[in-house]
Each structure stands twice: as structure tokens, then as C-alpha cells.
Amino acid sequence: MAESFRAHISQPSNAITKNFFVPSPRYQTKAFIQALRNIIVDNKINLFIPTGEEIFYAAMERNELPCAVFSESITKLNQLHSKWSFVISAMANDLPAPETMLIRSKDDLFHAYAQWRELVLKPVYSRFASQTMILPPLKLALSTLKFDPAIPWVAQGYTSGKHYSTYSICHHGHITAHTAYPATFKAGLGTVVAFQHIEHPAMFKWVKTFVEKNKFTGQIGFDFIEKADGQLVALECNPRTTSGAHLLASNPKFIEAFYNPHQQCATPINHRPLMLAIGMLIHGLPAALQKKQFKTWLETFLSSDDVILDYKDPLPALLQFRRFFTLLSIAWKNRISPFEARTFDVEWNGDEKRG
């Protein structure tokens, strides 16, 4: 495992043969790629599997890496990561997505408010819905958006319904592993902290059609809303590892899904609910109390297994609080929130400058 975050949660795990600290993909891209090259050569690595947004930097320099990289091209990844171009791609394939407008100026914003009485605003490049604004008053939107052409936003007509997420592993458009789960409890607006696999044929059909049309290879996740009439609308795409990996870990075929392009689609075999216990306590509980859903939260918390706690591998759970102190340090130094600090060193926000 190679990480640019020193106190990452897997660092003390007995499942890791070797840990490597690498430079920041975002701020030291050339040094990051060189470090990966050295690790790959020295350890005779055959397959490199990026997990977070470092995938964009690895894909940008994939020809410099002397092994297979489980990733699409930077062009295709960027197209899917962008909240604007993803919607265009979905609609081009006749797949439902929300009506969307690109916001680069005040006039664009005024047009959006004239188009929709209820709307959602989010940066074109963002993650975990950390800056998403749901049903914002125009005055708040005007004071929040900077109208910088280099940092565009999108406006989308507001869609109500049930929220779901999916996670899939694909080879040239063929899905070798897949899961879907309701987004019931979240950290903020985006990060799901409780997971339970569901069978949802219509959602699988949407994903299958999209990855086949795009001949996609790699890991990919989608966020959906299911409207009251049953119609699915895909809100956004994450062409990287997402939390659904926790659910698929119960299937022995999960690992093979990364390197066997002909494998039949593996799904979770243990349908017991899972959670990030710390996330459920810090984020899920206050939200549940605010929404008067404490009973549902308590039932979920008591019936779910913590994905971090493993009695055969106890150190990640015991030492996970080290991570919070590191995040606080990063947040303080860079004047950002601890939530934003989680991805500060790996974020991809379009055409990044390389160091």
C-alpha cells in the first residue's frame, strides 16, 4: 500500500505486507509518479489499483508506470468526474439524469433560477457533496459563488425521492462485481456511513448500460435518486473506489473481479448491514436526532457491523483516532475544514498544474 497521508487507517493493519509513504499526487505529481515507479520495480508489482482521486494523476502519467494500471484514460475519467460532462454523457446514452445548467457568471445563475423554482448547486469538480447547496435562496447563492471561469458550478433542477449509491468493478464494459445500497445515514450530504446491499434490477440495468456504452474499465460508483413514480435519476458519477467495496468484501470473488475480465458479476454474499461506527456516532446520530429518526438510527447502529473493527486485525480500529489529529493539523495549516482535509493531498479539480 502506498499513501501520501501518513496516519491512514490501514497503516497498522496486519493485512498489509508493506507500507510506503509517497509524495502528494496533487502538489508533487512528478515525485509521486517516480515514487510509484520505484515501488513497482523494486517489489515486482504486476497490477496497480488506485483507490481515491490519485487515480487522475496516475492515469495522466500511466505510460510512466511499468505495470498494468486498473484505470481508464485521464480523458474519460475527467469526463465522468465532471458533474457537467457526466450528465451530457448519460443523456447521450438515453439514460435519465437531472436537467443541468453550467454556471460561470451571474447571468447563468439568474437563468437557472428562472428555469427552476427549486434547484441544487454544486461545483463541477467536487466530492462528498461537501459544497453542495440544496434549495438555496438566490441571495445565498450570489454570496457563495465566486463566478471564476476556472471554478465552474452546475445548477440542477431539484429532484425529490430516495437516495441510493452503487459501486461496480468493470472490464471494457463488462461488470465483474456490483452492489447497490440505500444512502440512509451520511456524513454531511454525501458520504454514506451505513451500508446494506439491496437487489435493484433497474439500477443495475442503468449502470450496465452506461459502462457498456462507454466500454469502461476500472471502479465506478453512481449516486441515484429514485422518484416516487419509480424513475431513476443518476445525480453524479465517481470513477474510483467508493464505500460499496465494504459490502463486496464478503464475497471471495471480490479480489478476482479486479484481474479476471471474464468473471461473472459477483455481489455481496453476506447481506448483514455494515457501518462506519465513528461516522454513525459523529454524523449519523446528530442528523437522526434533528430529523426525529433516533429509533431508526439506534436499530441500524445495533444491528450493523463496524467495517473498521476486526478482532483478528485490531490495530486499525484501536489507532484510528491518530487520523483525526493529523486531519486537524492539515486543516489548521491550510485553513480548511477537517472534512476537506481528508482529500486535500489527492484532489483532482480538472486541469491540475503538476509539480
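The values are calculated or read from the model by the stated rules, or taken from the named source; none is laboratory data. Note that the coordinates shown come from a computational prediction; the quantities given were computed from them, not determined experimentally. All Cβ positions, glycine included, derive from the backbone under ideal geometry; neighbour counts span all protein chains shown. When the accessible area is computed, the model is the full protein with side chains, heavy atoms only, and any ligands, DNA or RNA have been set aside. Shrake-Rupley method; radii C 1.70, N 1.55, O 1.52, S 1.80 Å.
For the residue pair Asn14 and Phe339, what label-to-label distance in nm results when each label sits 7 Å from Cα along the Cα-to-beta-carbon direction?
The modelled label-to-label distance comes out at 3.7 nm.
Could you give the accessible area per residue of region 5-159, probe 1.4 Å, as a whole number in Å²?
Here the residues of region 5-159 average 50 Å² of exposed surface.
For Trp153, enumerate residues with amide H under 5 Å from its amide H, sequence gap 5+ or separate chain, H modeled in the peptide plane.
Ile103, Val124
Between Asp306 and Asp42, 0.36 nm times their residue separation minus their Cα-Cα distance comes to what?
Gain in length upon complete extension: 91.5 nm.
For Cα pairs less than 8 Å apart in space and 6+ apart in sequence, what is the mean separation divided by the residue count of region 201-274, i.e. the relative contact order in percent?
It comes to 22 percent, rounded to a whole number.
Among rounded, prolate and oblate, which fits region 218-313 when a ≥ b ≥ c are the square roots of the eigenvalues of its C-alpha gyration tensor, a/c under 1.5 means rounded, and a/b larger than b/c means prolate?
Verdict is oblate for region 218-313.
Could you sort out which of Lys83/Lys162; Lys227/Lys292; Lys30/Lys333; Lys162/Lys333 sit more than 28 Å apart by Cα distance in this structure? Please list the in-between numbers first.
Numbers: Lys83/Lys162 20 Å; Lys227/Lys292 23 Å; Lys30/Lys333 23 Å; Lys162/Lys333 38 Å.
Correct reply: Lys162/Lys333.
For the chain, what is the convex hull volume of the alpha-carbon atoms per residue, in Å³?
Per residue, the Cα convex hull of the chain comes to 146 Å³.
Where the centroid of each part is defined by its Cα atoms, how far is region 128-167 from region 288-355 in Å?
22 Å
Subtracting the Cα-Cα distance from 0.36 nm times the residue separation, let me have the gained length for Gln131 to His172 in nm, one decimal.
Taking 0.36 nm per residue and subtracting the Cα distance, the gain is 11.5 nm.
Need one word for region 265-340: rounded, prolate or oblate. Basis is the Cα gyration tensor (sqrt eigenvalues a ≥ b ≥ c); a/c below 1.5 gives rounded, then a/b vs b/c decides. Numbers along the way, then the final one.
On the way: a/c = 2.12, a/b = 1.29, b/c = 1.65.
Taking the square roots of the gyration eigenvalues as a ≥ b ≥ c, region 265-340 is oblate.
May I ask you to give the solvent-accessible area per residue for region 281-355, in square angstrom, as obtained with a 1.4 angstrom probe?
About 71 Å² of surface per residue is accessible.
Could you look at the chain and say what percent of its accessible area is carbon and sulfur, using a 1.4 Å probe and all protein chains?
It is 55 percent, rounded to a whole number.
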